[in-house]
Ligand code: SF4
């Protein structure tokens, strides 16, 4: 009997329209936990890191963790692992909603997509019944149209993951969307699925995850739910305002990037804040599978439609980063990203970069005159119009669909692209949060905030408050946060649980469900193993460690005004220490003894 | 003059912004008492955008921002 894990992998050969069900290697699963970790290991073993992301040799792994689909709180998460067309690094994009749990309940720990179909298909999974079906009529359809259509045929209970027009058109910042409005957003994974001609995956599951110790699981789970309810952040802040509550906090600290990081404070932040959202457009909460936190929002657009609402990152990307302070426009742009299947962070940030290119005279009026849209900072119609054009690769949107790095490069101005490893940075100016900047520079999937969320200690004071300007101890903090995050991602739980739960709590859940004997040391070692394996993949893919850097603006131009005025990021003071605590050499390559210690071949 | 900005649930039943007359020795503690905010509800306390302590003496013209426990990402 297998506990926690479903024990099966579904391998789909798209080229020959065949599938095969394989047994999960439990020893390997224990070593890499599941989800992000195990998928990375399998991907690493099966795919040449030098693979061209859109070739048929690239694979896509959609993976749940041992706790996905269980009674553990916030356990609806799954991870998509592939090689990113945006960054050239490993991509692992996480999403919530209900799809991940349903996949697990259908009896699979993961799906491996390989090869390439010669025409549009969707994959239908109903427990052990699997079919690869024609999706010619769905190609070109928006996410809600696709999802409605498939639910109509296969029943309301069916959970749908799909791509929108952006993924079909190989937009390098295309997302995968499940359950209408939950996104595995980053690194262009939607385009990889599009390159394989897969429009959707529909899943229905009727099994139950087996527990090693039912009684103990019940006790541990109710204790963790209680901890989440009693914690100020997970019991109050996130349920009441969603992630959008961060808008004012981050702005008040003077690290809220404005106009493509030209400034880091705005007096208009409150107009796009969680408080304003709750007052003006919020309809209700929109929680994921078994989540007591329920941070997701459901909002009313200006035209009366009720749709999934914007997260903090999105309010920033389309809001302050484009200098737009119109919450209705931002909610609309967010909705369009969900419909066209786009990453909200990269889409908003790419529009912001295009606006700076325009205002600095690189992009000329004649370049965009056919589009009938402006590229001026502050234009609400522009964020809506360009989002559509990026999703369709229409007009000048075709250039923006490549992401801000390639866009700026085309104009000989890469320094205006606020990216790390070609992926757009999220909504925190690292010049005023030193540890978080180190996390940006070293994240294995390029510019990203959720590989080691240092905002938690440096701004929010969880689990303890650190001085955000200080460098002291930051390398060590970043390492532990990165390793623990790898564990949480691999277990299949939502990262937001970590505002209230610590390593010890995750171990209790994992051990009770699977009957394992992990302790603090061995679980963090598993996280570190995952981190190092991702790093090795990237090195073999040809990503130079010199890419562990930040845009020049953040290292050289002091923040011009606001509470963090005068600061730059001190990456070169932090990076050597980080390499050292990671057990890597001074150039950033993992040392042999580190790999031996972590038992990585 | 001290400008006090309140956020999230601290706005319930209060204004977003409250202005206090400056006097020598005024602190955040005085302010939250006057506003009937419990010390436990103050998770983030900034003076001019920089972390402060509620017992720190304020200067004339300071801007104070007060948040309950909140997070996201
Ligand atoms: S905390 Fe929010 S994102 Fe995470 S599982 Fe719950 S509702 Fe979903």
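For the stretch A:35-62, which positions are within 22 Å of the chain's Cα centre (by Cα) and free of Cβ contacts under 8 Å to residues at least 12 places away in the same chain?
A:52
Could you run through the stretch A:494-521 and say how many residues are away from chain B (no Cβ under 14 Å), in contact with a helix residue (DSSP H, G or I) (Cβ under 9 Å, 6 or more places away or on another chain) and in a helix (DSSP H, G or I)?
13
Of all residues in the stretch A:168-203, which are touching a helix residue (DSSP H, G or I) at 6+ places or on another chain (Cβ under 7 Å) and surrounded by fewer than 21 Cβ atoms within 10 Å (Cβ to Cβ)?
Hits for the stretch A:168-203 are A:170, A:180.
Going residue by residue through the stretch A:120-128, is there one that turns out to be modelled with pLDDT of 95 or more, within 26 Å of residue A:217 (Cα to Cα) and either touching a helix residue (DSSP H, G or I) at 6+ places or on another chain (Cβ under 6 Å) or in the same structural domain as residue A:52 (by TED's automatic domain parsing) (or both)?
Yes, the stretch A:120-128 contains at least one residue that is modelled with pLDDT of 95 or more, within 26 Å of residue A:217 (Cα to Cα) and either touching a helix residue (DSSP H, G or I) at 6+ places or on another chain (Cβ under 6 Å) or in the same structural domain as residue A:52 (by TED's automatic domain parsing) (or both).
For the stretch A:232-253, check the following and say yes or no: at least one residue is away from the ligand (no atom under 16 Å from the Cβ) and farther than 20 Å from residue B:67 by Cβ.
no
For the stretch A:461-481, check the following and say yes or no: at least one residue is assigned to a loop (DSSP other than H, G, I, E, B), more than 13 Å from chain B (Cβ to nearest Cβ) and within 22 Å of residue A:238 (Cα to Cα).
No, every residue in the stretch A:461-481 fails to be assigned to a loop (DSSP other than H, G, I, E, B), more than 13 Å from chain B (Cβ to nearest Cβ) and within 22 Å of residue A:238 (Cα to Cα).
Within the stretch A:75-120, restricting attention to residues that are on the phi > 0 side of the Ramachandran plot and surrounded by fewer than 24 Cβ atoms within 10 Å (Cβ to Cβ), which residue is nearest to the ligand (Cβ to nearest atom)?
Going through the qualifying residues, I end up with A:107.
Output the residues belonging to the stretch A:546-562 that are touching a residue at least 24 places away in the same chain (Cβ under 8 Å) and within 19 Å of residue A:471 (Cβ to Cβ).
A:548, A:549, A:550, A:554, A:558, A:559
So which of A:503, A:512, A:427 ends up being closer than 25 Å to residue A:529 by Cα and in contact (Cβ under 8 Å) with a residue 40 or more places away in the chain?
A:512
Can you tell me which residues in the stretch A:252-266 are in a loop (DSSP other than H, G, I, E, B), more than 22 Å from the chain's Cα centre (by Cα), under 18 Å from residue A:552 (Cβ atoms) and away from chain B (no Cβ under 11 Å)?
A:259, A:262
I'm trying to understand the selection: among the residues of the stretch A:269-321, which are more than 18 Å from residue A:496 (Cβ to Cβ) and part of a loop (DSSP other than H, G, I, E, B)?
If the condition is that a residue be more than 18 Å from residue A:496 (Cβ to Cβ) and part of a loop (DSSP other than H, G, I, E, B), then A:273, A:281, A:301, A:302, A:303, A:304, A:305 are the ones that fit.
For the stretch A:489-503, give me the residue count where each residue is more than 11 Å from the ligand (Cβ to nearest atom) and crowded, with 24+ Cβ neighbours inside 10 Å.
3
Kindly indicate whether residue B:56 is more than 17 Å from residue A:250 (Cβ to Cβ) and out of contact with any strand residue (DSSP E or B) (no Cβ under 8 Å at 6 or more places or on another chain).
So residue B:56 fails the test.
The values are calculated or read from the model by the stated rules, or taken from the named source; none is laboratory data. Computed from a prediction, not measured in an experiment: that's the story for all the values here. Cβ: placed from backbone, ideal geometry, glycine included. Neighbour counts: every protein chain shown.
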